[in-house]
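The values are calculated or read from the model by the stated rules, or taken from the named source; none is laboratory data. As the structure is a computational prediction, the values presented were derived from the model and not from experiment. Glycine gets a Cβ as well: all are built from the backbone with ideal geometry, and neighbour counts include every protein chain shown.
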Amino acid sequence: MKLPAAPPADAKIGKKIEYVAKRLEYLLAPMGFTRRNRRLVRRCGEGRDARIDILDLQGDKWNEGSGGKLALNLAIKFPALITLLAELDESPWRLDQAATDDFGIGLGGHFYARLGDALPQQRETWWPPGFVAGRDVWIDLPAHSNAEAEADLLLRLVKAYALPWLAQCGDLAALAAHAGNGFGSPSLLDALLSHVLRADAATARQLLLETPAYRLTNDARRYQRLLECLARYGVDVAGAAWAEPPAEPHRTRREAQVAELRQTHEAKVQAFIDQGATLAGREAAFLDAWLEEAAAKQLADDVSKFRLWRYVQEADATARLTLLQSLLETLPQPRPPVKSTVSNVYATYANFHHGAWTILAEAVLATLSACTRDAARALLQRLCALGGSVEQELTCDRFTSPLPAVLRWLMETLPCADRVALIDAAAAVQHSVRDALLARTRERFAHPPSFTFLGEKFEADLRAAFSPEALAMTERVLSECPERGFAGKDRDVLLALKRWLRTEPDGRVPLLIEDDDWGRGLKQALLTLAEPLRASVTALFEWFDEGVDSKPSQRWQRALDQHLSQRGLCSDEFAGWLRDSLALFPYSDLQHCIAAPGYGAFPGWTGSQILLGLIHICARPGFEPARRSLPDVVRAAFTVVPGQKPRAQGIGSAALPIIALDVEGKAFLQALLRDTRQKPIRASIEKALKG
């Protein structure tokens, strides 16, 4: 075996940890260790004395770039003990696990420790700073180091402490002695079964009788199987019986408090029920009672099991709409806290009122099929007050109110004429969302995270990300595309709202391509087309803007063929324009900002839908020349924006099967597979190559 060469000082932290593992393998191979990734394994002994020694290198979850931290975990597995556990639990899967080098809490049949657990109490002068016996200790891998000195330090620690720990703890007697002694220690059940394997029936019986049954197994059924297993191996189990664990005082108090809370909630619900038989005119009282029942049911989504739900079912559509309007009016107002009946009765749900009323609002909307224009306007006016009701995350927010649900319902149920007539009210909702989003963004920039102790590179990146220039850029992006400040379904609703605001009286939604790197090039490419071809392409893009799947159905593909045929797009002129336009996507300066992910390099919604549609056209007969641009599209889509993610991974994956339709494309994919390290992308490429 050849001594591995140290990586350069600027190598990724993962490469440095792999180098440390390889160096340990080189130096520990004479002792019987072999390496699997970042884990060194040695198999010793035979029969009941067989064991697996494990040295596991663990990188810190905050490792980034070329610097980070490294820890060492120690473990010893006993295959015979795991086999006995498989017999006890009648679980054949444990037999497969007995031969592997996996370890962790709950697996049983082994024990493990951190390097700090193997250190002596007396501190040595050569230890790194922060090394304390019994603690979780880490070795720094600085960004400016090639990890050679750190590898030598770790090898010295392994020889001085890890290997002696493995030797000292490497038998079943040691396992029994360490049972129940803290982090990673074996369980008392492991200790009991280890005495069985050592044919020490007397000690096994003594431990069985001295140990409370609930500390050996978690229920009476498993305890009975344990007794039967012990008896088969000659252990006298007379006098051993299952006993329930004693009641814990704090649990008893908690259960009493929960019962009292449930009684309080039910009493308030019953008071509402006793006061009348209908919902009309009692909306405010109903909402208060609903909160009480939601607290008792721990915010259950199934409203059909609520006692109060029958009031909604028995009410007419007008009364339900009135309840919804009352709910939206009440949401922004501060409300007294309502305690839930979860285990910790001292806590209240974050945004509990929002959560309970959002569940109610969504359930009420599901019972309504339509509303008048005046009622819709009233709902939209009430939504304006909820534009800032969000849960803030690092880069994206999520609404904590029913605003998305109400908007979605209005867009699905209102006829086109009503949507056009209500554009001003819908625009007011968008403005309220945008203004609140910009205010939160300015607040984030006014209070950036601490720049100290982050390392020179990270500190420089953060200062640039929170600079006045970055704020100005972010405000411009979020003013034009407020949906980029939100995540998941909330983002989709705001995108649909933008389409609503562009709707014309005839139902047509004019095209609006975002001003990102790809969008700017696409708009310029459209201008190069002469009429009537430009109008035909624009109409096709408007259809794409309604939504394109990465894996379109046959029905959608037939509709695509009809669009191409009816609009006169099955021509060499359009095919050539398609090839040249796709070639524009790779060009990007990869502008990005931590407060507005997606700026510049990332295509917007409309641009993404158009790009997906154009890619699918390349699969149609007659458009084979346009496929020549797809490899460049894929490379650009999989390019990682610094500090963030690939530009358009889904779009790149959608293009792979089309590229694989010809021999040259398959050769490109095979080369791309050799150069790609990201597992999801590799999986997509392999799937495309298999057809």
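Computed quantities for the displayed model
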read-out	value
Selected residue [modelled with pLDDT under 90, under 29 Å from ASP515 (Cα atoms) and surrounded by 15 or more Cβ atoms within 10 Å (Cβ to Cβ)] from PRO631, PRO642, PRO646	PRO646
Where THR211 falls short, out of the listed (1) within 25 Å of GLY47 (Cβ to Cβ); (2) out of contact with any His (no Cβ under 9 Å at 6 or more places or on another chain); (3) of a type in the set (Val, Ile, Thr)	(1)
Qualifying helices (runs of 4 or more DSSP H) (wholly inside the stretch 404-494; at least 3 residues being more than 28 Å from the chain's Cα centre (by Cα) and at pLDDT 80 or above)	416-421, 423-446, 468-480
Residue in the stretch 76-91 that is touching a residue at least 40 places away in the same chain (Cβ under 8 Å) and more than 21 Å from PRO186 (Cα to Cα) present	no
Number of positions in the stretch 91-101 that are crowded, with 16+ Cβ neighbours inside 10 Å and assigned to a helix (DSSP H, G or I)	3
Scan of the stretch 363-390 for residues that are touching a residue at least 60 places away in the same chain (Cβ under 8 Å) and either among the acidic types (Asp, Glu) or outside the structural domain of PRO404 (by TED's automatic domain parsing) (or both), ordered by number	none
Residues within the stretch 634-691 that are assigned to a loop (DSSP other than H, G, I, E, B) and of a type in the set (Asp, Glu), tallied	1
Selection from the stretch 186-203 of residues that are polar (S, T, N, Q) and surrounded by fewer than 20 Cβ atoms within 10 Å (Cβ to Cβ)	SER187, THR203
Tally, over the stretch 282-291, of residues that are of a type outside the set (D, E, K, R) and either surrounded by fewer than 14 Cβ atoms within 10 Å (Cβ to Cβ) or under 16 Å from THR367 (Cβ atoms) (or both)	3
Count of residues meeting criterion [farther than 15 Å from VAL364 by Cα and basic (Lys, Arg)] in the stretch 292-306	1
From the options SER553, SER581, residue that is under 20 Å from SER653 (Cα atoms) and buried (at least 19 other Cβ atoms within 10 Å of the Cβ)	SER581
Subset of the stretch 13-47 (residues that are among the aliphatic types (A, V, I, L, M) and crowded, with 18+ Cβ neighbours inside 10 Å)	ILE13, ILE17, VAL20, ALA21, LEU24, LEU28, LEU40, VAL41
Any hit, the stretch 10-21, residues being without any contact (Cβ under 8 Å) to a residue 40 or more places away in the chain, among the acidic types (Asp, Glu) and closer than 30 Å to LEU197 by Cβ	no
Residue count for the stretch 292-305, restricted to those that are surrounded by 14 or more Cβ atoms within 10 Å (Cβ to Cβ) and more than 12 Å from ALA356 (Cα to Cα)	0
The stretch 439-458 residues that are among the hydroxyl-bearing types (Ser, Thr, Tyr), paired with ones that are at pLDDT 70 or above (beta carbon under 7 Å, 6 or more apart)	THR441/THR474; THR441/GLU475; THR441/LEU478
Meets criteria (modelled with pLDDT under 90 and more than 20 Å from LEU379 (Cβ to Cβ)) for ARG335	yes
Pick from the stretch 231-268, criterion among the hydrophobic types (A, V, I, L, M, F, W, C) and under 44 Å from the mean Cα position of the chain (by Cα), ranking: farthest from THR83 (Cα to Cα)	ALA267
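Per-residue answers, yes or no, for (1) closer than 17 Å to LEU84 by Cβ; (2) in contact (Cβ under 8 Å) with a residue 12 or more places away in the chain; (3) assigned to a helix (DSSP H, G or I):
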{"residue": "ALA143", "(1), (2), (3)": "no, yes, no"}
{"residue": "LYS159", "(1), (2), (3)": "no, no, yes"}
{"residue": "PHE183", "(1), (2), (3)": "no, yes, no"}
{"residue": "SER194", "(1), (2), (3)": "yes, yes, yes"}
{"residue": "LEU207", "(1), (2), (3)": "yes, yes, yes"}
{"residue": "TYR214", "(1), (2), (3)": "no, yes, yes"}
{"residue": "THR217", "(1), (2), (3)": "yes, yes, no"}
{"residue": "TYR223", "(1), (2), (3)": "yes, yes, yes"}
